[in-house]
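Trainee: Sending over a structure as structure tokens; questions will come in a sec.
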Amino acid sequence: MQGPQIHPLGDSALLCSLPAPATLTQQQRIWALAKQADGWDEVAEVVPGMNNLTLIARRPVLDLEPLAQRIMQLWPTLDATHTEGRIVEIPVVYGGAGGPDLDAVARHTGLSTDEVIRRHSAGDYVVYFIGFMPGFAYMGGLAPELATPRHTTPRMSIPAGSVGIGGEQTGIYPMASPGGWQLLGRTALPLFDPAQEPPTLLRPGDRVRFVVERTERVQQVTP
């Protein structure tokens, strides 16, 4: 079993990274390591990422080698088969003003818009990690035939709740922001609420199912 590559980040953090591609098994091993390391006295914070984990020490230290050795010794014993994630259903209005790229994804994939919606909503997705902005879940499990490149020029503002495809992943914008993902639809379900605990709806390991609320046609603008 190949262990992670471990690199120092400054004088008080370590980056543990795995080779591509990212898989659910590798992510589960990352989560298992994060769960273990979160209880270590010398670790102040664990930050899971895509195929990687950052461990932030409680104080700057000159030699992080003992921590690296502890990780490598633990790695072969980690249980990467158990996921405690919840099942979260996300209602989506596909197409229309909330899904302006649905037709473009259909053209790129060679599928009809109805088939894009069917395959996207039939997926069993797993949240790999939260990043980019609070509550933005990067999910694995997109059907390979739906993979579509991001826009070369990002939009300046994407509405909160927008559901999109970025390469081989799908995700939901939790708040209005710039972004380059291909937008298929929109959900009214809040993804981030700082007044709640936890503030993010989705967490690493959760399984997400998109439910078709309805389908709308994209409005064509006449010059």
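Trainee: Among what's in the range 202-220 and is part of a loop (DSSP other than H, G, I, E, B) and more than 23 Å from residue 25 (Cα to Cα), pick the residue that is most open to solvent (accessible area, probe 1.4 Å).
Mentor: 217
Trainee: Mind checking which residues of the range 13-28 are at pLDDT 90 or above and open to solvent by 40 Å² or more (accessible area, probe 1.4 Å)?
Mentor: 15
Trainee: Sticking with this structure for a sec: Could you figure out which of (1) in a loop (DSSP other than H, G, I, E, B); (2) open to solvent by 20 Å² or more (accessible area, probe 1.4 Å); (3) free of Cβ contacts under 8 Å to residues at least 60 places away in the same chain isn't true of residue 134?
Mentor: Status for residue 134: all satisfied but (3).
Trainee: OK, next. Step by step: first the residues of the range 29-49, then only those that are more than 12 Å from residue 204 (Cβ to Cβ) and part of a strand (DSSP E or B), then the one that is most open to solvent (accessible area, probe 1.4 Å). Which residue is that?
Mentor: It comes out as 45.
Trainee: Looking at the range 138-154, which of its residues are open to solvent by 70 Å² or more (accessible area, probe 1.4 Å), out of contact with any helix residue (DSSP H, G or I) (no Cβ under 7 Å at 6 or more places or on another chain) and either under 13 Å from residue 110 (Cβ atoms) or not polar (S, T, N, Q) (or both)?
Mentor: Listed by number, the residues that qualify are 144, 149, 150, 154.
Trainee: Now for a different question. Enumerate the pairs (first residue in the range 50-66 and part of a loop (DSSP other than H, G, I, E, B); second residue anywhere and surrounded by fewer than 12 Cβ atoms within 10 Å (Cβ to Cβ)) with beta-carbon separation below 7 Å, excluding pairs fewer than 6 apart on the same chain, so at least 6 apart or on different chains.
Mentor: Going by the 7 Å Cβ cut-off, the qualifying pairs are 51/20.
Trainee: Next question, about the same structure. Within the bounds of the range 91-100, is there any residue that is open to solvent by 80 Å² or more (accessible area, probe 1.4 Å), part of a helix (DSSP H, G or I) and of a type in the set (Gly, Ala, Ser)?
Mentor: So far as the range 91-100 goes, yes, one or more of its residues are open to solvent by 80 Å² or more (accessible area, probe 1.4 Å), part of a helix (DSSP H, G or I) and of a type in the set (Gly, Ala, Ser).
Trainee: Continuing with the same structure: Check residue 75 against each of (1) buried (at least 16 other Cβ atoms within 10 Å of the Cβ); (2) over 20 Å from the mean Cα position of the chain (by Cα); (3) outside any helix (DSSP H, G or I) and name the one condition it does not meet.
Mentor: The number of the failed condition is (3).
The values are calculated or read from the model by the stated rules, or taken from the named source; none is laboratory data. All figures in this text were calculated on a predicted structure; none of them were measured in a lab. Virtual Cβ from ideal backbone geometry, glycine too; neighbours counted across all protein chains shown. Remember, those area values only see protein heavy atoms, side chains included, never the ligands or the DNA or RNA. Shrake-Rupley method; radii C 1.70, N 1.55, O 1.52, S 1.80 Å.
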